[in-house]
Each structure stands twice: as C-alpha cells, then as structure tokens.
Amino acid sequence: MSDCCPSDSPAAKSRPDYLLWCSGITVVIGYLLFWLLPERVDMPLWLATMSEGIFELVNKMWLGLVAAVVFVGLLERIPRELVMSALGQGGTVKGILRATLAGVALDLCSHGILMIGAKLYERGASIGQLMAFLIASPWNSLSLTIIMISLIGWQWTLLFIALSMVIGIVTGIFFDGLVVRGKLPPNPHKIETPTVNMLSLWPGIVRLIKTAEYTPRAFGSLLIDGIRDSRMVFRWLLFGIVLAVLIRAMVPLDLYQDYFGPTVAGLMLTLLAATIIEVCSEGSTPIAADLLTRAAAPGNSFTFLMAGVATDYTEIMVLRDVTKSWKIALFLPLITLPQVLLIGWILNMASLG
C-alpha cells in the first residue's frame, strides 16, 4: 500500500528500514552536535540551524513519545473488536458519530487506518461511516495527540481534534445523504445489525482491568510492545523532524512567515504543499507545529494536517479499489477540502485579531 505501513512479508522484514535509520541517525547526530558544541564555532549556518532545531523539537517531544509508547502498549492489550463493536448501525447519524469516535480511538497512521477502513466497509459499514472513520483518525491517534500537545499546547491540539471530528461527521452525513439520493452507489456488503449499547461494553472493559497482570515483567513487556508497535510512528516522526529543520535551515523566518503566514495566499500554498508532499500523518506533525509556532498561522497548520488526508493519492486509490467507484473516491477531496479551507481561513483570521 505504501512505505508508511511496512509489509509483513519475510522479504520486507529482512530489508533495512532506510527511512527510519537515515532519519534516526540524522536526528541523533544533530542532537549531539548542539549538545556537545553549544557555541557551534566554525559550523555552517545551515548545520547550526538544523542542530538547534533538532535539539529543540526532541526536547519538546521526548516526554510525549515515552507516554505514547506506554499508551500504545496498553492499547495492544485491548481487543480491537471491543473498539470496533461500538460502530453502530450504518446510514444513521449515531452510526457516523460512533465511527468518528472509533477512528479517534485507534492508534494508526493515515495509511494504516486505510486497511481497517477497508475491512469495515467489507463488513457492512456505510460510505458515511467509512469517510468519518478515515477523516477523524490519522493524526488524532493517542500517541500523536500527546506529541501534538507537547509541540503546540493542549488548547490548540484539542481545538484541532474537535474541528477534524466536525469535518468527519459533516462529511459522513453528506456521503450517506448522497447515497440515499442515488448520487453515489450504496455499500453492497451492507447488512442490518443491531446497535450495541455503549453500557454493554463496560463488563468487557472491567474484565480486562481485573485480569491484567501488574508486575515489573508485565510492565517491561508492555514497554517492548509499545516500542515495537510505535515503529511506524517513530519512522515518520523522525522523518518529519528532519523535514521541519531542513525548512528552518533553508527558508529564513521572515520569508517563511511571508509565504506561509496567515493569509489566503499562505493558506493556498500550504494546501499545495500538503498535496504534493506524500508524507504520513506522523511526519506531518512537526511541520504543522512549525506552521503554527514559526509562521503564526494556526489555520495553515490545521490545513496541512487535514489536507494531507483529503488529497492523499494513496487513500483515493484505495477507496476506488475498495468501493469499486471513482465517484466515491473523488468525492472525498471534493467534499472535505472546502470545509478544511474554510476552517483554516477562520482560524487565521481569528489569530490576527
């Protein structure tokens, strides 16, 4: 599907993860250069800027990364069926709301979530549920939420999450409405299933808590599982750090603020960059944080995160293959991008006071 989600085949497992190793080595070298040579005497300006940026971003993110590893390890011990069983009936507003919440709850990247979304569609989820699930989930995962809080603060992070969920819900309702009107084909796999009462899930959750093992060995196993399952997150986060500091080194701050500032032109350039740069949700996080903190453009930051989901060609092609419909696949950017741009413009205008 994409290099974002490594294959489980023996050949893929034996092949070195060049993106992870190259990005990781670059980050380690940059961090050590700033730590060991704080004066950066006789160091090229671009290298000094990159090492300082790496040092700053890593120091902001490390606590969030550790917490994310722990929570990913915990999520590994919760059956996915327990999360997905709460999806509810397709074609209803309640079903779309539940699909949106399920997407937020799963800790997967924008490409990893496609595999789950495809399986949900095959099991009868409506088109609206599928779209709400895909739009709400990628960078709203638990691990990235913690990292986003460390980079831009909890207020902006929670606002971005809430707005992305609104877009997911509105888009889901819109898609289901188009199916009802006959403008889009319905899911041929759809079956009538009873809605699961949320309270009925509590016994399973309580059982998990009671049967869990609380020992140093169990905690060590949890950390190992968390690190292993976070590899996909780490590879793209490290790559995102490298991209972000390269932009800092190559693009002066005043030029960066002029081109990617809180203007309509800056918003459209951000949209263009998000469309062209095929980077997973984890990699877009540090760049989006820089758009908010350095360019003072919260709307551009939100647009970069959301437009990457709406215009991702991998996602569009997978949707076409899963639904067997070009109309459904192409309606994703057609419906979501106007919402993203409108919200991005409002956020920029609000930041200007």
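The values are calculated or read from the model by the stated rules, or taken from the named source; none is laboratory data. Just so it is clear, the structure is predicted and the values come from calculations on it, not from any experiment. Because the Cβ atoms are built from the backbone with ideal geometry, glycine has one as well, and the counts that use them run over all protein chains shown. These accessible areas exclude ligands, DNA and RNA; they are computed on the full protein's heavy atoms, side chains included. Shrake-Rupley method; radii C 1.70, N 1.55, O 1.52, S 1.80 Å.
Quick check: residue separation of R231 and A218 times 0.36 nm, minus the Cα distance between them. What number comes out in nm?
Values: separation 13, 0.36 × 13 = 4.68 nm, distance 2.02 nm.
My answer for the length gained is 2.7 nm.
Heavy-atom accessible area, probed at 1.4 angstrom with all protein chains present, ranks K327, K210 as K210, K327, highest first. Computed 3J(HN,Hα) for segment 168-185, one whole-Hz value per residue from the Karplus formula 6.51 cos²θ - 1.76 cosθ + 1.60 where θ = phi - 60°, is x, 5, 4, 5, x, 5, 4, 5, 5, x, 5, 5, 4, 7, x, 7, 10, x, glycine and proline marked x. Identify the residues of segment 46-63 with backbone N under 18 Å of a label point that sits 7 angstrom from the Cα of L36 along the Cα-to-Cβ direction, or state none. Within reach of a label on L36: 47-56. Here the extension length gained between T92 and T275 equals 62.8 nm, from 0.36 nm per residue of separation less the Cα-Cα distance. If R₀ is 41 angstrom, what is the calculated FRET efficiency for the pair N59 and L255, using the beta carbon separation as r and rounding to 0.05? Efficiency computed from Cβ-Cβ geometry: 0.95. Once you divide the Cα radius of gyration of segment 285-340 by 2.2 N^0.38 Å, the number left is 1.34. Packing, as the average of other Cβ atoms within 10 Å across residues, places the peptides 165-175, 335-345, 126-136, 291-301 in the order 126-136, 291-301, 165-175, 335-345, highest first.
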